[in-house]
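Take a look at the structure set out below.
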Amino acid sequence: MKTFSEVRHISITIARSPAEVYAHAREPSNLPQWAKGLSGTIDFVDGEWIADSPLGKVKVRFVDQNRFGVLDHDVLLPSGESVYNPLRVVANGHGSEVIFTIFRRPNTSDAEFAADVDAVTRDLATLKDLLER
């Protein structure tokens with residue numbers, strides 16, 4: 001029998017076009033501006049994006065640029081674990097809806113999962129503030 005992870009979908013409406021939101025969010029060098037839960041700094045080293053995260057140095061790998069607003073990315077943790085992060089930008093009227101899906105990782109406590117949800121919620125709010133200035 002297949003076991004499923006607990007999931008949270010976090011979304012935020014941003015009063016900017018999907019193309020503008022997508023262009024800003026897909027640029028890894030912009031992550032420190034809005035994704036503090038992932039990156040305090042980020043550098044392109046030997047063909048890979050390496051971020052200083054709250055969990056230590058991590059590798060961040062985004063899907064290729066696409067016309068569908070898909071910003072899925074894998075984060076390779078110092079432990080070697082790879083965490084898949086689905087992220088989408090979709091049209092919402094004249095603006096955008098940004099949707100992030102968080103899968104609860106195995107052996108994550110309720111408090112740790114809640115902290116992950118809170119971090120992503122703050123990060124998306126920061127992205128909104130940044131892009132709506």
Which residues, counting only those in the stretch 5-23, are assigned to a loop (DSSP other than H, G, I, E, B) and either under 19 Å from ALA114 (Cβ atoms) or under 12 Å from the mean Cα position of the chain (by Cα) (or both)? SER5, GLU6
Considering only residues that are among the hydrophobic types (A, V, I, L, M, F, W, C) and farther than 19 Å from ILE12 by Cβ, look in the stretch 69-95 and name the one that is surrounded by the most Cβ atoms within 10 Å (Cβ to Cβ). VAL75
Boolean, ARG88 is closer than 26 Å to PHE4 by Cα, touching a strand residue (DSSP E or B) at 6+ places or on another chain (Cβ under 8 Å) and at pLDDT below 95: no
Among TRP49, TRP34, the single one that is more than 20 Å from THR121 (Cβ to Cβ) and surrounded by 12 or more Cβ atoms within 10 Å (Cβ to Cβ) is TRP49
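The values are calculated or read from the model by the stated rules, or taken from the named source; none is laboratory data. The structure presented is a predicted model; accordingly, all values stated were derived computationally and were not measured. Cβ coordinates were reconstructed from backbone atoms using ideal geometry, including for glycine residues, and neighbour counts include every protein chain displayed.
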